[in-house]
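The values are calculated or read from the model by the stated rules, or taken from the named source; none is laboratory data. Everything numeric in this text was worked out from a predicted model, so none of it was measured. Positions of Cβ are backbone-derived with ideal geometry, glycine not excepted, and every protein chain shown enters the neighbour counts. Just so you know, the surface numbers come from the protein's heavy atoms only, side chains and all, with ligands and any DNA or RNA stripped out. Shrake-Rupley method; radii C 1.70, N 1.55, O 1.52, S 1.80 Å.
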Amino acid sequence: MTFSANFSLVLPEIVLAIAALVLLVAGAFRGKVGAIFTLAAVASLVAAAATAVLGPHGHAFNGVYAADAAATYAKVAIYLSSAIAVVLGDRWLAQRGDQKFEYAVLVILAALGMGVTASAGDLISLYVGVELQSLALYVLAAMRRDDAKSSEAGLKYFVLGALSSGLLLYGSSLIYGFTGSTHFSQIALAAAHGGSHGVGLLFGLVFLICGLAFKVSAAPFHMWTPDVYEGAPTPVVGFFAAAPKLAAMMMFARVLGDAFPGSVDKWRQILVIAALLSVFVGAFAGLAQTNLKRLWAYSSIANVGYALLGVAAGGEVGLQSMLVFMTLYMVDVTGFFACLQALNRDGKPMETIEDMAGLIKERPGIAVAMTAFSLSALGLPPFSGFWSKFYVFKAAIGTGDVMMQWAAVLGLVGSVVAAFYYLRLIKAIWFDASTGSVDAPSPSARAVGFAAAIFSFPIVLVALIWIDPAAKAAAAAFGHA
Amino acid sequence: MALQAIAFYLLAFTTIAAGLLVVSARNPVHSVLFLITAFFSAAGLFVLLGAEFLAMLLIVVYVGAVAVLFLFVVMMLDVDFAELRQGFAQYLPFGGAVALFIAVEMVMVVAAVATNGAAAKNGLPNASPGGVPNTEAIGRVLYTDYVFFFQLAGLVLLVAMIGAIVLTLRHKPGVKRQDIGKQIARTPKTGMELVQIKPGEGISE
């Protein structure tokens, strides 16, 4: 492959990098964010998604970067969800008179990092992508620097993120030491041959999984999630719960599917334990929450558990179920936080379950949308949440492994427990007495919320016709690093 | 070879002596200056090994940035070093034991590497394989094989910079800044104002 051919493969990243630099300079000179600025940021993210779809497939820079069906699938989802985050966040910050042009630039750079991790073919590109993404996310969490909770969220995220990066690096160095390569394909070769380095390699793998579990906020590495979600600005939380989660799940899929496809029996038990712990921590700790952002943080921990169950199932079917699950979940969670950011009472955000009382009389449209998201998160057919869980449980049972089948049963039990808090929210929205009037929602947030709700049901039934084969093709791309 | 040996012992002795003086100097500014001496002589040791790129990095990064930063911190923060040093004699036995333990460990690791490591089997690693000095060797791959990582690392640093500015920069409205364009565009007409003052009233600002 010629040197310039490499660059045609990384075109989505180049588009985003140039867009970030141009917007940064434009913002620094003009100093304020207009509609054109936001539009340009959104356009660059959409353009990057388009280049990812239309661009050639292959491995660039001696295999450290993979442009395959899996990377394309993840990048389209990540870039589009980032574009929505740019629109929602700019509007939200503008309403509070705290608009910064750096917001859009940081979201673009975070999306760039996530894209790199999604197509990582080497431990170094994985790590650098993780750092690029995390560093931008830390700053986004602390964006409202005069708000004590936002600063706390940023600091907590930063300290624990640094710790998890340390775990990730330590695991990577052990893997490099015992296999002699950072390339996923070389690691897969070395791991397949087994031999004396088995135990050391396993230690490295465990550390790597722990570091990734931190990033994806799977139990028992979930402690930072509720605090960060509570403190960070609402549109930023909507972003956190969507794109970075998919990127982190892609890292799991890349490391386990590309570098350790032969050691399924070794990593499956670790993932199953993390998945079940996540499901139960998310279900039981969520019961005690009154703040909706904290509640949805626990909900996201539980949902990550289901996605991990899909990864643990392994193979094409398992990874496909993970990708479908994460895609449908991203739409749901983006829509929910868009609704949450649209709701204000006398200029103050409505963030607790009590605040939602009687919402159906005040804002029937948003109330119905939030009900749809809750029912979907609960897993009630025919909403999208049901189909995503259906994929995961089918994959888990289809492995024929007794442990995976029991894990699927326990996962179902966890989702029944979690149903309580979703139903409690629905009860507050529909049946409790209203406590005051709700301010007019911002049109962009309401539009995103409604669109996501309509996707949740009934569009999902049609969309699955395309999502299913796309995810299948993406899952088939793993293991060819 | 004798010249090399003399240089090695001189540099090694300076490194260790400067290191000791870093922890024993009374004045913290002197400590930082001794640290810089230690860095310089360590860089000399790298040059003796043929690793001139590492030597330059040590001076550029550690002397140029880190040590100067230390100096700023020491000078700007009002740290009472005499107070920090108070329990010195009390903690000496324990600290000494830890230091001894680490020293023994290091000697054992070095001995193990020397007898069983890669160098023992394949001979000493060559600092300039194929006659290419190591700076040139790094330069050859940095923008070709590793250009992807290199550019990404640059973006990570850019994010760090944007983050630091977003989180700390505050535009204060009352600050008077120099605006050269404004200064040049100034005419006697705009620069001067005639004020009619009524007796006994003065003018407001």
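Taking the longest Cα principal axis of chain B as reference, the axis of helix B:88-116 is set at about 60 degrees. For chain A, the longest principal axis of the Cα atoms and the long axis of helix A:198-216 meet at an angle of about 20 degrees.
Within the full protein context, the accessible area of A:I124 is estimated at about 70 Å² for a probe radius of 1.4 Å.
Packing-based ranking of A:206-212, B:97-103, A:253-259 yields A:253-259, A:206-212, B:97-103, ordered from highest to lowest mean Cβ neighbour count within 10 Å.
What you get for chain B, charging only the Cβ of Lys and Arg (+1) and of Asp and Glu (-1), is a dipole of about 560 debye around the Cα centre. The listed residues A:F420, A:F336 rank as A:F420, A:F336 when sorted by accessible area, largest first, using a 1.4 Å probe. Measuring nothing but how far apart in sequence close Cα pairs (under 8 Å, 6+ apart) lie, relative to its length, chain A scores a relative contact order of 16 percent. Dipole orientation for the protein assembly as shown: of the candidates A:F337, A:A377, A:W387, A:F337 has the Cα lying most toward the positive pole (charges on Cβ; Lys, Arg +1; Asp, Glu -1).
Taking every protein chain into account, the accessible area of the range A:3-476 amounts to 34 square angstrom per residue (probe 1.4 Å).
About its Cα centre, the dipole of the protein assembly as shown is roughly 880 debye, where the only charges are +1 on Lys and Arg Cβ and -1 on Asp and Glu Cβ.
Look at the stretch B:144-155: the mean tally of other chain Cβ atoms within 10 Å of its residues' Cβ atoms is 6. Counting protein heavy atoms only, the protein assembly as shown has 71 percent of its accessible area on carbon and sulfur, 1.4 angstrom probe.
Hey, got the average number of other protein chain Cβ atoms within 10 angstrom for residues in B:161-170?
Counting other chains' Cβ atoms within 10 Å and averaging over B:161-170 gives 5.
log10 I(q)/I(0), Debye, Cα-only the range A:3-476, no solvent, q = 0.06, 0.08 Å⁻¹? The calculated log intensity ratios at q = 0.06, 0.08 Å⁻¹ are -0.24, -0.43. Over the residues of chain A, the helix contribution to mean residue ellipticity at 222 nm works out to -26000 deg cm²/dmol, using -39500 (n - 2.57) for each DSSP H run of at least 4. Computed over the alpha-carbon pairs of the range A:381-469, the distance histogram in 10 Å steps reads 13, 28, 34, 17, 7, 1 percent, short to long.
Listed by chain and number, the aspartates and glutamates whose alpha-carbon sits under 15 Å from that of A:K75, ignoring those within fewer than 8 places in the same chain, are A:E13. Among A:262-272, A:67-77, sorting by the average number of other beta carbon atoms lying within 10 angstrom of each residue, highest first, gives A:67-77, A:262-272. Entry note, the range A:267-337: relative contact order of 32 percent, from Cα contacts under 8 Å with a spacing of 6+ residues.
The relative contact order of the range A:209-286 comes to 45 percent, based on Cα pairs under 8 Å that sit 6 or more residues apart.
Dipole orientation for the protein assembly as shown: of the candidates A:V33, A:M404, A:A43, A:V33 has the Cα lying most toward the positive pole (charges on Cβ; Lys, Arg +1; Asp, Glu -1). Aspartates and glutamates within cross-link reach of A:K156: Cα-Cα under 15 Å, excluding same-chain residues under 8 positions apart? The reachable aspartates and glutamates, counting only those whose Cα sits under 15 Å from A:K156, are A:D147, A:D227, A:E230. Within the full protein context, the accessible area of A:S185 is estimated at about 40 Å² for a probe radius of 1.4 Å.
Remark: mean inter-chain Cβ contacts per residue of A:129-137 equal 4, using a 10 Å Cβ-Cβ cutoff to other protein chain atoms. Think of the protein assembly as shown as a dipole: +1 on every Lys or Arg Cβ, -1 on every Asp or Glu Cβ, centred on the Cα centre; then among B:L84, A:M356, A:Y157, A:M356 lies furthest on the positive end.
In the complete set of protein chains, residue-level accessible area for B:H171 is approximately 150 Å², probe 1.4 angstrom.
Which of A:K149/A:K215; A:K293/A:K472; A:K32/B:K176 have a Cα-Cα distance over 24 Å? Write down the numbers at each step before the final one.
Details: A:K149/A:K215 21 Å; A:K293/A:K472 33 Å; A:K32/B:K176 21 Å.
Over 24 Å Cα-Cα: A:K293/A:K472.
Run down the lysines and flag those whose C-alpha is under 20 Å from the C-alpha of B:K182, throwing out any fewer than 8 positions away in its chain. Within reach: B:K172. Note on exposure: A:W466, A:W387, A:W224 ranked by accessible area (1.4 Å probe, complete protein assembly) read A:W466, A:W387, A:W224, with the most exposed listed first. When you count the other C-beta atoms within 10 angstrom of each residue and take the mean per peptide, A:229-236, B:160-167 line up highest first as A:229-236, B:160-167.
Give the interface area between chains A and B as buried accessible surface, both sides summed, probe 1.4 Å, in Å² to the nearest 100.
Working: alone 17660 and 17260 Å², together 32830 Å².
Looking at A and B, the buried total is near 2100 Å².
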